[in-house]
Amino acid sequence: MTTSEAEAVNHEQQQYSFKAEIKQLLDILVHSLYKEREIFLRELISNASDALTRLQFEMLTDHEIVDPKAELAIHISTQKPEEGEEVDHWLIIKDSGLGLTADEMRDNLGVIAQSGAREFLQKIKKQNGEGPAANGSMGDVIGQFGVGFYSVFMAAEEVRVISRSYRPEAESAAWISDGGETYRIEPAAKTDRGTEIHIKLRADAQEFADEWHIRQVIRKHSDFVGYPIYVGEEQANQQQSLWRKQPANVTEEEYKGFYQQMTLDFEPPLSTVHFTSDAPLNIRAMLFIPAKREKTMFAKRTEPGVMLYSKNVLIDEYCPDLLPKWLSFVDGVVDSEDLPLNVSRESVQNTRIMRQLGKTVRKRVMRELDKMADAEDEAEQEKFAQFWEQYGRFFKEGVATDFEARDEILPRLRFFTSKSAGELVTLDSYIGRMAEGQNDIYYVLGDDLASVANSPHLDPFKARDLEVLYLVDAFDAFMAPALQGYKEKSFKNVDDGSLELPELAEEEGEDTAVDTPTLSSESFTQLVERVKEVLGERVEDVRASKILRGSPTRLVSPENSPNTAVSRLQRYIDQEYEIPKRILELNDKHPLVVNLAQLNEAAAADAHQQETVELIVEQMFASALVQEGLHPNPTEMLPRIERLMAMATKPAG
Ligand code: ADP
Ligand code: MG
């Protein structure tokens, strides 16, 4: 930016027009919103607080600063007429932050800086066509947004921003507007560092010249701002950073208030972890698990990562490296005096202190989760169930991507199983129920609980009374390939063709065959050949099954083939998904297979019947794919099923 002298002269009393979107925002703010008008104060205080924080940063590296000793604070004062006096009501908000030059005023107070304000506009446009919001209905919403500086015009007839930048060579300037089409910038005479916002209150907003009212609003919206806010002589906010208090001295209400001021979340947090310690590491941490994974559009903290403070100074608003990605839903504040202040935000990330802090925080969070999960009382268990529903996928992703974390995550996973009766259970409880001599943890992959419960792969497990984990969501498929072992047991997919299961008692095997017609091995072999012919390259092999009982077919993974879990995952994410090649196993005791073999034998010379056999083979294969969650498009089956039904309903003769 060039500020030659000629331009500086030009800046005397320079008039500018607001950009179109600001005009629109102003129009809405000025004409339509009254209900939550007080939030303008929150916005101005938050800007003042930002300016103070940014100044603190500058002070760490830059020693040439105007008023280096001035207190970092916000001062609010009012002017109102004495009885009978005919003067205006004024509200003045003053901070000793880093201030603005004339150029910065033009750049920062002439555009919509905050994405929240833009979102707000878009939402209003959607709801009301092109016109601005008609009334208070938007007022309920606006309080949730950071609409920023311009919200001042909900209460102001005129606004003067008078500022002196912290840079010694800068000149002070004033920005003046009545919230109409234009604003002007002119030189000012302010000599102390920071910004003053002089608000001439509208006739219908004069309560903001009342100090008592201002204090109420501060308590409600800005109580935890990290700098003192003086109203008149007295400090109006609690200010003490809540996380620096001893946990025993903080109430549930305060946690909730702090969380909601911090995030603008409507709901209270699902869980709060607050702890302080001085050795071996100085740490003050207040962490929250939000009730919901998805952020609403009104949310204030949208990026992952906790806020990192050192000695009460905000070093990083979002520090994603303190906790692993699979805990990135944790929000809150971590403050440590051991963090060096005089370093850039980037270089703080990889220090030994950061790793230690991360480890400590992570342990506490895990401990809290365990406490919730193991609690006797129902409310806590309910909370854990909610936690798992919202964040279980983070843990699954952690198993898949963070090898080092597996030992930590595996015992905390939850599964439905063939024996858990609709409850979620841990691996430890599965292991506790294992049959004698069972060395593997079995799992079945599928699209939902109902279909895996009927999976043909479960036949031999049901027969042997072995429990099977149900892996039924996309994140399970993502995790499954990474499931290797737990407590010296290996994980085994039930579709693994090479699985060895204990032999079944002989008589039981005979039982099922009682009322099925026997099938000669010759006609079964013929059927196998026929099926191979029909399916061709689409299957790796066709063979008799040793283990199927209630189901006619199943698909098993050939050895060394990519795991079913991987294929399933590809189906979720890939456009160009190819059906993986499997071995098709036929149950030679199942009526369908027996009948089909006989039909096949009898139909050798009959072209029409041959077609029927082919259709049935195709449908058996398609059904098996659906059962495996491998079918790219099950609706393709419908015309074939209709043809088969037409055949079956054709009158005999
Ligand atoms: P945001 O706070 O999200 O940036 P605002 O509309 O609230 O958006 O503020 C716009 C910009 O105006 C700020 O980014 C900042 O650059 C500037 N600003 C506002 N108030 C102050 C202040 N008190 N001191 C210094 N700069 C300020
Ligand atoms: Mg702001």
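The single residue among S310, S344 that is surrounded by 18 or more Cβ atoms within 10 Å (Cβ to Cβ), modelled with pLDDT under 90, in contact with a helix residue (DSSP H, G or I) (Cβ under 9 Å, 6 or more places away or on another chain) and hydroxyl-bearing (S, T, Y) turns out to be S310. Scanning the range 488-504 for residues that are surrounded by 11 or more Cβ atoms within 10 Å (Cβ to Cβ) and not hydroxyl-bearing (S, T, Y) yields K489, F491, K492, N493, V494, D495, D496, G497, L499, L501, P502, L504.
The residue pairs whose first member lies in the range 17-34 and is within 22 Å of I185 (Cβ to Cβ), whose second member is charged (D, E, K, R) and at pLDDT 75 or above, and whose beta carbons are closer than 8 Å, counting only pairs six or more residues apart or on different chains, are S17/E181; F18/E181; K23/E181.
One line per residue, one yes/no per condition, for (1) more than 12 Å from ligand 1 (Cβ to nearest atom); (2) open to solvent by 60 Å² or more (accessible area, probe 1.4 Å); (3) more than 29 Å from D204 (Cβ to Cβ):
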{"site": "Q15", "(1), (2), (3)": "yes, yes, no"}
{"site": "F18", "(1), (2), (3)": "yes, no, no"}
{"site": "L29", "(1), (2), (3)": "no, no, no"}
{"site": "R37", "(1), (2), (3)": "yes, no, no"}
{"site": "E43", "(1), (2), (3)": "no, no, no"}
{"site": "T53", "(1), (2), (3)": "no, no, yes"}
{"site": "T61", "(1), (2), (3)": "yes, yes, yes"}
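With the structure loaded, tell me whether E578 is assigned to a loop (DSSP other than H, G, I, E, B), at pLDDT below 90 and of a type in the set (D, E, K, R) or whether it fails that test. Yes.
Does S77 qualify as being within 16 Å of ligand 1 (Cβ to nearest atom) and open to solvent by less than 40 Å² (accessible area, probe 1.4 Å)?
no
Applying the set (1) small (G, A, S); (2) under 20 Å from F395 (Cα atoms); (3) not in a strand (DSSP E or B) to S498 leaves exactly one unmet item: (2). Does D88 count as more than 21 Å from Q239 (Cβ to Cβ), within 16 Å of ligand 1 (Cβ to nearest atom), open to solvent by 50 Å² or more (accessible area, probe 1.4 Å) and not in a strand (DSSP E or B)? When the stated conditions are applied, D88 does not pass them. No other residue among E585, E540 is closer than 24 Å to L449 by Cβ, at pLDDT 85 or above, touching a Ser or Thr at 6+ places or on another chain (Cβ under 8 Å) and outside any loop (DSSP other than H, G, I, E, B) apart from E585. Listed conditions (1) open to solvent by 30 Å² or more (accessible area, probe 1.4 Å); (2) in contact with an Asp or Glu (Cβ under 8 Å, 6 or more places away or on another chain) are all met by E83, apart from (2). May I ask you to verify whether A291 is buried (at least 16 other Cβ atoms within 10 Å of the Cβ) and closer than 21 Å to R352 by Cα? Judged against the criteria, A291 is not a match.
Residues that are of a type in the set (S, T, N, Q) and open to solvent by 10 Å² or more (accessible area, probe 1.4 Å) were ranked within the range 205-236; the one that is farthest from V30 (Cα to Cα) is Q235. For the range 316-330, the candidate set comprises residues that are assigned to a strand (DSSP E or B) and open to solvent by 10 Å² or more (accessible area, probe 1.4 Å); within that set, the residue that is modelled with the highest pLDDT is Y318.
Number of residues in the range 428-453 that are more than 14 Å from E488 (Cα to Cα) and either open to solvent by 40 Å² or more (accessible area, probe 1.4 Å) or outside any strand (DSSP E or B) (or both): the value is 12. Just to be sure I understand, how many residues within the range 401-425 are surrounded by 19 or more Cβ atoms within 10 Å (Cβ to Cβ) and in a helix (DSSP H, G or I)? Total satisfying the criteria: 2.
L72: within 16 Å of G226 (Cβ to Cβ), away from ligand 2 (no atom under 16 Å from the Cβ) and open to solvent by less than 60 Å² (accessible area, probe 1.4 Å), yes or no? Yes. Of D107, D95, which residue is more than 32 Å from the chain's Cα centre (by Cα), modelled with pLDDT of 90 or more and within 16 Å of ligand 2 (Cβ to nearest atom)? Answer to the check: D95. Just a yes or no: is a residue in the range 117-131 part of a loop (DSSP other than H, G, I, E, B), modelled with pLDDT under 65 and within 16 Å of ligand 2 (Cβ to nearest atom)? Looking through the range 117-131, none of the residues is part of a loop (DSSP other than H, G, I, E, B), modelled with pLDDT under 65 and within 16 Å of ligand 2 (Cβ to nearest atom).
Looking only at the range 522-550, filter to residues that are in contact (Cβ under 8 Å) with a residue 60 or more places away in the chain and more than 45 Å from the chain's Cα centre (by Cα); which one of those is surrounded by the fewest Cβ atoms within 10 Å (Cβ to Cβ)? Reasoning before the result, please.
Just the residues of the range 522-550 that are in contact (Cβ under 8 Å) with a residue 60 or more places away in the chain, to begin with: 523-524, 526-527, 530-531, 534-535, 538-539, 547-550.
Right, trim to more than 45 Å from the chain's Cα centre (by Cα) and you get 523-524, 526-527, 530-531, 534.
Values: S523: 18, F524: 18, Q526: 15, L527: 25, R530: 21, V531: 27, V534: 19.
Per the stated criteria, the residue is Q526.
The values are calculated or read from the model by the stated rules, or taken from the named source; none is laboratory data. These numbers come from a predicted model, not from an experiment. Backbone-built Cβ (ideal geometry, glycine too); neighbour counts: all protein chains shown. Areas reflect the complete protein model, heavy atoms only, side chains present, ligands, DNA and RNA absent. Shrake-Rupley method; radii C 1.70, N 1.55, O 1.52, S 1.80 Å.
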